[in-house]
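Q: The structure's right below; bear with me while I get my questions together.
Each value in this text was obtained by applying a stated rule to the coordinates, not by laboratory testing. Since the structure is predicted, the reported quantities are computational estimates derived from the model, not experimental observations. Cβ placement follows ideal geometry from the backbone for every residue including glycine, while neighbour counts extend to all protein chains displayed.
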Amino acid sequence: MAKQETKPAPKKETKPALKIVPLGGLHEIGKNTCVFEYDDEILLLDAGLAFPTDGMHGVNIVLPDATYLRENRHKIKGMIVTHGHEDHIGGIAFHLKQFDIPVIYGPRLAMAMLEGKLEEAGVRELTKINTVMPRDIVRIGKSFVIEYMRNTHSMADSFSVAIFSPLGVVIHTGDFKFDHTPVDGEHFDLQRLAEHGEKGVLCLMSDSTNSEVPGFTPSERSVYPNLERVFRQAEGRLFVTTFASSVHRINMILQLAQKYNRTVSVVGRSMLNLIAHARNLGYVKCDDNLLKPLHMVRNLPDEDVLILTTGSQGEHMAALSRIARKEHPHIKIREGDTVVFSANPIPGNTIAVVNTIDKLMMQGAK
């Protein structure tokens with residue numbers, strides 16, 4: 001009996017894999033940087049920095065290892081930014097000195113801050129910056145389409161993203177909390193997030209500080225009553241420190257200053273820059289005469305003064321840390337001053353914050 005020849009099965013066409021490579025920010029605080037790679041195209045999501053630990057002597061900032069990006073620089077088609085915190089945009093200027101990022105998309109506030117950083121670093125001309133609004137859709141390269149979805153976070157103008165790739169949809173939440181009563185009235189777009197869930201998602205990427213703690217994160221508005229109590233009771237000068245990027249918190253502090261007739265002087269470069277950008281974009285609203293430079297508030301009675309300052313994390317060169325060490329050229333703590341830390345220490349910063357508090361108390365501050 002003759003043998004029957006069997007034809008070889010036709011080869012299946014295999015699609016390239018979608019590679020997701022976190023270079024930083026996974027299971028750590030800071031340097032959030034994620035690479036999405038399909039075929040010969042790379043999409044970057046955020047590019048942040050971290051601050052050095054106590055053991056990193058002589059180190060100012062920490063960046064992720066960008067060797068992979070330098071080696072594959074020809075594949076990089078663009079970057080998407082979720083929000084404007086330093087651990088998400090602080091590394092971009094450094095990366096632009098090593099490889100090209102043709103275009104960067106991101107929220108208005110984050111892009112306003114980024115523009116200043118890039119100009120200062122002398123790399124503004126090396127990339128194109130585009131701003132996005134909620135539910136805007138942008139294309140990067142042939143492989144990636146991105147939809148921006150409003151979320152709620154400690155910083156204003158923050159987004160989650162849906163990344164459409166040839167293999168399916170990846171949802172990246174960005175940093176977020178579920179705040180159902182946001183200070184600025186900009187609600188988390190849960191409806192759009194749910195619609196993607198209904199259609200099917202290839203991969204969900206979600207990482208949130210304190211996510212291991214049971215229960216809900218309180219709304220930003222819940223801080224207001226305690227802040228108001230301090231404003232009502234403080235008899236001398238009032239110092240308030242918070243994250244420069246906490247636009248909602250700064251807004252509440254300025255509202256209380258107006259209500260209790262305190263003139264505000266802002267101390268600290270990052271705080272000055274952010275308030276200027278946020279006021280231009282309408283995220284911070286206050287009367288022009290509420291804010292005065294430091295030399296003008298010195299002549300006011302103590303009970304009419306609020307100094308809004310950087311240094312809530314005990315950073316060595318921040319204004320409040322220098323005040324605590326008696327090294328600030330223009331401000332000295334006096335008996336009767338009240339200092340408010342309106343921010344929890346980031347993991348790793350607790351000792352620096354406690355040392356700052358000790359020094360302030362020894363000088364007579366409450």
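Q: Note down the nm distance, to one decimal, between modelled labels 7 Å out along Cα→Cβ at Asp302 and at Gln258.
A: It works out to 2.8 nm between the two label points.
Q: Name the shape class, rounded, prolate or oblate, that the alpha-carbon gyration tensor gives for region 220-362, where a ≥ b ≥ c are the square roots of its eigenvalues, rounded holds for a/c under 1.5, and otherwise prolate holds if a/b is larger than b/c and oblate otherwise.
A: Taking the square roots of the gyration eigenvalues as a ≥ b ≥ c, region 220-362 is rounded.
Q: Is the C-alpha gyration tensor of region 68-186 telling us rounded, prolate or oblate? Criteria: a/c under 1.5 is rounded; beyond that, a/b larger than b/c is prolate, otherwise oblate.
A: oblate
Q: A further question follows. Which chymotrypsin sites (Phe, Trp or Tyr not before Pro) from region 188-235 combine a DSSP loop assignment with at most 11 other Cβ atoms within 10 Å?
A: When the chymotrypsin sites (Phe, Trp or Tyr not before Pro) of region 188-235 are filtered for loop state and at most 11 Cβ neighbours within 10 Å, Phe216 remain.
Q: Pick from Met133, Met205, Met111 the residue whose mean-square fluctuation is largest in a GNM of the chain, springs joining Cα atoms under 10 Å.
A: Looking only at Met133, Met205, Met111, the biggest GNM fluctuation is shown by Met205.
Q: Once the piece of chain linking Ser206 and Gln233 is laid out straight, how much longer is it, given 0.36 nm per residue of separation minus the C-alpha distance between them?
A: 5.6 nm
Q: Can I ask one more? Which residues' amide hydrogens lie under 5 Å from the amide hydrogen of Ser158, considering only partners 5 or more residues apart or on another chain, with H built in the peptide plane?
A: Long-range HN contacts for Ser158: Asn151.
Q: Using a simple spin-label model with points 7 Å from Cα along the Cα→Cβ vector, what separation in nm is obtained for Asp40 and Arg73?
A: The modelled label-to-label distance comes out at 1.8 nm.
Q: Between Gln191 and Arg135, what is the label-to-label distance in nm when each label sits 7 Å out along the Cα-to-Cβ direction?
A: About 0.7 nm separates the two model spin labels.
Q: Using alpha carbons only, how many angstrom separate the centre of region 114-143 from the centre of region 317-366?
A: With region 114-143 and region 317-366 each reduced to a Cα centre, they are spaced 36 Å.
Q: Of the listed peptides 243-253, 66-76, 30-40, what is their order by residue-averaged count of other C-beta atoms within 10 Å, with the highest listed first?
A: The peptides rank, most packed first, as 243-253, 30-40, 66-76.
Q: How high is the relative contact order of the chain, given as a whole-number percent (alpha carbon pairs under 8 Å, six or more residues apart)?
A: Relative CO of the chain lands at 10 percent.
Q: Still on this structure, I have one more. When the helix-only estimate is applied to the chain (DSSP H runs of n ≥ 4, each -39,500 (n - 2.57), divided by the residue count), what is the mean residue ellipticity at 222 nm, nearest 500 deg cm²/dmol?
A: Dividing the helical sum by the residues of the chain leaves -7500 deg cm²/dmol.
Q: Lysine pairs in region 49-156 with alpha-carbon atoms under 20 Å apart, 8 or more places apart or on different chains: how many are there?
A: For region 49-156, the number of qualifying lysine pairs is 10.
Q: So which residue, out of Thr350, Thr82, Thr173, gets the largest mean-square fluctuation from a GNM of the chain using Cα contacts under 10 Å as springs?
A: Its mean-square fluctuation being the largest, the pick is Thr350.
Q: Next question, about the same structure. Relative contact order for region 220-362: what is it in percent, counting Cα pairs under 8 Å that are at least 6 residues apart?
A: Relative contact order here is 32 percent.
Q: Same structure again: Going by alpha carbons, how many degrees (0 to 90, nearest 10) lie between the helix axis of 269-281 and the longest principal axis of the chain?
A: That helix lies at roughly 70 degrees to the long axis.
Q: Going by alpha carbons, how many degrees (0 to 90, nearest 10) lie between the helix axis of 190-199 and the longest principal axis of the chain?
A: Relative to the chain, helix 190-199 is tipped by roughly 10 degrees.
Q: Let me have the relative contact order for region 73-209, percent, based on Cα pairs under 8 Å that are six or more residues apart.
A: Computed value for region 73-209: 19 percent relative contact order.
Q: How big is the dipole moment of the chain about its Cα centre under a simple scheme where the beta carbon of each Lys and Arg is +1, that of each Asp and Glu is -1, and everything else is neutral? Debye, nearest 20, please.
A: So the dipole magnitude of the chain works out to roughly 300 debye.
Q: Of His196, His172, His95, which has the largest mean-square fluctuation in a 10 Å C-alpha GNM of the chain?
A: Residue with maximal mean-square fluctuation among His196, His172, His95: His196.
Q: Determine the gain in length on full extension of the stretch Tyr224-Ala17; use 0.36 nm per residue of separation and subtract their C-alpha separation, reporting nm with one decimal.
A: 69.6 nm
Q: Now, a different point. Please state the shape class of region 272-315: rounded when a/c is under 1.5, otherwise prolate if a/b exceeds b/c and oblate if not, all from the C-alpha gyration tensor.
A: oblate
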